[in-house]
Amino acid sequence: MGCSNKPEQWLEKTSLALPKSYSGQVYLIPDAPSALAHRIQAVREAEDYIEAEYFSWTADVSGLTLWHELLIAAERGVEVRIIVDDLLFFDDKWLVDIDTHPNLSIKIFNPFNARKLGWLTRAADFEMHRDRLNHRLHEKYFNVDGKTMILGGRNIGDDYFGYSPQANFFDLDVIVKGPVIQDYERNFNTLWQGELTVPVNEVIAYNPDKHSGSFDKVYDKVMAENQPLQESIIRKVSLLPKPEYIKASVTPMFDSASKRTDSQSYLRKRIEHFANVNQWPAEELFLSTPYMIKSDEHEELFTALAERNVEVTVLTNSVASNDSPFASAYYQTYRSALMEKGINIYEYDSHALHYSNFYNANAYYHNKAFIADNTISFIGSSNFDPRSDMTNLELGLLIESQAFATELKAYLLDSHTDKFWQVEQAEGEGYVWSKQDEVSHNEPRMKSEKRLINGFYRMLKIQNEL
């Protein structure tokens, strides 16, 4: 973001051009249950087609409810196309059962060979075919009729919509309207037609005599066991207020499938080039990421921002709230380097409460966004780590609007100051964490044994894989 010394050299190699900006309308979804409700409502209003792509789509109440709604839409003639990454799918016959509907098609991104015996065989498969299987689809995209698009960091599952009794993610989505949606449709179609996506019926073995109706069996069982949750979801849809959209200039940002072979950080460099041309950030960068992992590119960025006296604030997970034990281990040692550059750090409290959730359980931070100079916002799927930069396919949206930037900042921090620990250097050595009236000189809520475990993870030296 306004920092690279060599953008033109990289552009010459990749034939990169500035993306086109459009006039559009954006709406920040205010809470997790509403994010699922807006998807369901959009599906119910669909007339012609629905297309979506996600990294994970769990077979729980939220995930199965959305599949059920998509099947109902397909029944009335809506063409439905879905791409899901294969990392968390195994021998799921019910997924092929859905695909048998003539109006609903599912493709799997970069499928594994191993489908049975869970992670045991899949880990072996990964080691044998690492160069191919290491690249995953991390994009999150939901489009109905080219009129309503939802982008953000949420996958599909109870823990992303506030319905998990174990742990829920604090995340965000934005609803977008306008001609910019056509660019995302082109990106989707390129992926749909590409060699990395394979029809689900070519990936998972399916016998109609044995497996027909398997989705209904899974759906009925899960719903029967979770009726209060199901009723809450449907009630939320019926009570949705009409979105109050903000007019903005919006710019699409995409990765490239070439990342699979050249490991270039296409999305990040496109954003940085756009920032260089438009000369931002000039005063302030407000960065939100669940995972903060050191890389040479990130070091260059933060160094350049410090030299230009840009005030940088980072919102991220605490060691205790991080859902990735590996990421938390490497962030724990990177934090001092960030603070030496004058970066303000706020860490999410693992015990943060969100009263709009159906369940208030342990909490993870998952918002992927930034705000530059209180004017330019970015919402997308990419984390601030090497994996998002170099390995996974990502996308996002730049939004130019002071009104939206103000709303986004309030959503992330201003209205949630009770959910973050502010981290500062203590007198002498170490840090001090403060949150309202609480003060701690140790990692908040971190179990003592985790210190040893994190040390072991760092010995593995795998931060470029995170």
Filter the stretch 73-90 for residues that are out of contact with any helix residue (DSSP H, G or I) (no Cβ under 8 Å at 6 or more places or on another chain) and either in a helix (DSSP H, G or I) or not assigned by TED's automatic domain parsing to the domain that holds TYR184 (or both); which is nearest to ASP145 (Cα to Cα)? ALA74
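Which one is surrounded by the most Cβ atoms within 10 Å (Cβ to Cβ) among residues in the stretch 26-49 that are in a strand (DSSP E or B) and under 21 Å from the mean Cα position of the chain (by Cα)? So that I can check it myself, show each step before the final result.
First, the residues of the stretch 26-49 that are in a strand (DSSP E or B): 26-28, 49.
Applying the additional criterion that residues be under 21 Å from the mean Cα position of the chain (by Cα) yields 26-28.
Values: VAL26: 26, TYR27: 20, LEU28: 21.
Residue satisfying both the conditions and the ranking: VAL26.
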So ASP216 ticks every box in (1) surrounded by 17 or more Cβ atoms within 10 Å (Cβ to Cβ); (2) under 30 Å from ALA114 (Cα atoms) but one. Which box is left unticked? (1)
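Just give me the residues in the stretch 318-329 being buried (at least 16 other Cβ atoms within 10 Å of the Cβ) and either out of contact with any His (no Cβ under 9 Å at 6 or more places or on another chain) or of a type in the set (A, V, I, L, M, F, W, C) (or both), in sequence order. Lay out the reasoning, then the answer.
Start the filter on the stretch 318-329 by keeping residues that are buried (at least 16 other Cβ atoms within 10 Å of the Cβ), which leaves 318-324, 326-329.
Correct list: SER318, VAL319, ALA320, ASN322, SER324, PHE326, ALA327, SER328, ALA329.
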Checking ASN189 against (1) in contact (Cβ under 8 Å) with a residue 12 or more places away in the chain; (2) touching an Asp or Glu at 6+ places or on another chain (Cβ under 9 Å), which test does it fail? (1)
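Kindly indicate which of GLU340, GLU394, GLU347 is buried (at least 21 other Cβ atoms within 10 Å of the Cβ) and more than 30 Å from ALA257 (Cα to Cα).
Values: GLU340 fails: buried (at least 21 other Cβ atoms within 10 Å of the Cβ); GLU394 fails: more than 30 Å from ALA257 (Cα to Cα).
Only one candidate qualifies: GLU347.
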Options GLY63, GLY118; residue that is farther than 24 Å from GLU195 by Cα and more than 21 Å from the chain's Cα centre (by Cα): GLY118
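Farther than 30 Å from ILE379 by Cα and crowded, with 21+ Cβ neighbours inside 10 Å: does that describe VAL96?
Values: farther than 30 Å from ILE379 by Cα: yes; crowded, with 21+ Cβ neighbours inside 10 Å: yes.
Against the criterion (farther than 30 Å from ILE379 by Cα and crowded, with 21+ Cβ neighbours inside 10 Å), VAL96 qualifies.
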Yes/no for VAL96 being in the same structural domain as VAL198 (by TED's automatic domain parsing), closer than 30 Å to GLN227 by Cβ and not in a helix (DSSP H, G or I): no
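What helices (runs of 4 or more DSSP H), lying completely within the stretch 361-460, carry at least 1 residues that are at pLDDT below 95? Spell out how you get there, then give the answer.
Values: elements: 386-390, 402-409, 448-459.
Hits in the stretch 361-460: 386-390, 448-459.
Restricting to strands (runs of 3 or more DSSP E) lying wholly in the stretch 237-317: which have 2 or more residues that are touching a residue at least 24 places away in the same chain (Cβ under 8 Å) and surrounded by fewer than 21 Cβ atoms within 10 Å (Cβ to Cβ)?
Working: elements: 246-254, 284-288, 311-317.
It comes to 246-254, 311-317.
The values are calculated or read from the model by the stated rules, or taken from the named source; none is laboratory data. All figures in this text were calculated on a predicted structure; none of them were measured in a lab. Heads up, the Cβs are rebuilt from the backbone with ideal geometry, glycines too, and the neighbour counts pull from every protein chain shown.
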